1. Could you please find all residues in segment 229-250 being modelled with pLDDT of 85 or more and either in contact with a strand residue (DSSP E or B) (Cβ under 6 Å, 6 or more places away or on another chain) or not charged (D, E, K, R) (or both)?
2. Look through A40, A82 and report the one residue that is in a strand (DSSP E or B) and either closer than 17 Å to T174 by Cβ or at pLDDT 95 or above (or both).
3. Need at least 2 residues that are of a type in the set (A, V, I, L, M, F, W, C), in contact with a helix residue (DSSP H, G or I) (Cβ under 9 Å, 6 or more places away or on another chain) and closer than 27 Å to L129 by Cα per element, so show me which strands (runs of 3 or more DSSP E) inside segment 146-196 make the cut, counting only ones lying wholly within it.
4. How about segment 84-109: which of its residues are hydrophobic (A, V, I, L, M, F, W, C) and under 16 Å from the mean Cα position of the chain (by Cα)?
5. Give me a count of the residues in segment 177-227 that are within 19 Å of E73 (Cβ to Cβ), surrounded by 10 or more Cβ atoms within 10 Å (Cβ to Cβ), of a type outside the set (A, V, I, L, M) and in contact with an Asp or Glu (Cβ under 9 Å, 6 or more places away or on another chain).
6. Among the residues of segment 117-150, which ones are among the polar types (S, T, N, Q) and touching a Leu at 6+ places or on another chain (Cβ under 9 Å)?
7. I need the full set of residues from segment 228-250 which are surrounded by 10 or more Cβ atoms within 10 Å (Cβ to Cβ) and in a helix (DSSP H, G or I), in order please.
8. Within segment 110-131, count every residue that is in a loop (DSSP other than H, G, I, E, B) and over 15 Å from the mean Cα position of the chain (by Cα).
Amino acid sequence: MKIAVAIKQVPLRDSPLRINAAGTWIVEDNLSFEINEPDAYALEEALQLREKHGGEVIVISTGPARVAQSLREALAKGADRAIHIDVATLDTLRVANSLAAALKAEAPDLILTGLQSDDLGYGQTGVILAELMGLPHSTIIMQVEILPGQVRVKRELEDGWFQHIQMPLPAVLTIQSGLNKLRYATLMGIKKAKTKELKVITASEAPQASAVIEKIHAPEKNKQGQIFDGNAKTAAAKLVEKLRFEARVL
């Protein structure tokens, strides 16, 4: 069974973030990077499925040269080989297009991604990738069971409800964080990763962006307080009115 896992490299959690002079993104100089945590859970699920059913796990990512570090980390954890699409982009559609072009040649039986990225949090890459490749897909996956020619999944809904879906392979799944306990790369795994294949694909030309970030800014700090006069019943009624019609949380 061939399983492809799309991972993203994101700034290390708790990194000091500064907005660039143009106000369009963060300053990435001197930042440390890591595998996006939801994607790490997708990788772990792929490794466990390979241990049960055999086959190979391919990790794939888009981004600049530094992405190779995260791909090597995935190889050290147990992935069999890696594909690096060397193109810098923040646009979800461009990322999905690049992934689809590379994965069509691989023809995997199953494609896994994390539910969303820690930096942008769009939660769209896996869904768009499935559409571009014409494959069935499901999101927020909590459990994966491989059947002959099919996959059965358990997906999370709201208020503690779950949904069970069965679909034909190949398929695309976006994995929920916390599905499994993440493994660490062993010393032997790190040594083996140095000899595993890491294929680099260089885009001939950058496709036109479908979305552009025009401005980012830190959340405004704003403290407000109100005191309601009258007895407890009157004050409670005023509070409910504010929460319902102004804050819109009720």
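1. Hits for segment 229-250 are G230, N231, A232, T234, A235, A236, A237, L239, V240, L243, F245.
2. A82
3. Result: 171-175.
4. L90, L93, V95, A96, L99, A100
5. Total meeting the criteria: 5.
6. Passing the criteria: Q124, T125, S138, T139, Q143, Q150.
7. Scanning segment 228-250 gives T234, A235, A236, A237, K238, L239, V240, E241, K242, L243, R244.
8. Going through segment 110-131 one residue at a time, the tally reaches 0.
The values are calculated or read from the model by the stated rules, or taken from the named source; none is laboratory data. Just so we're clear, the structure is a prediction, and the values are computed from it rather than from any experiment. Glycine gets a Cβ as well: all are built from the backbone with ideal geometry, and neighbour counts include every protein chain shown.
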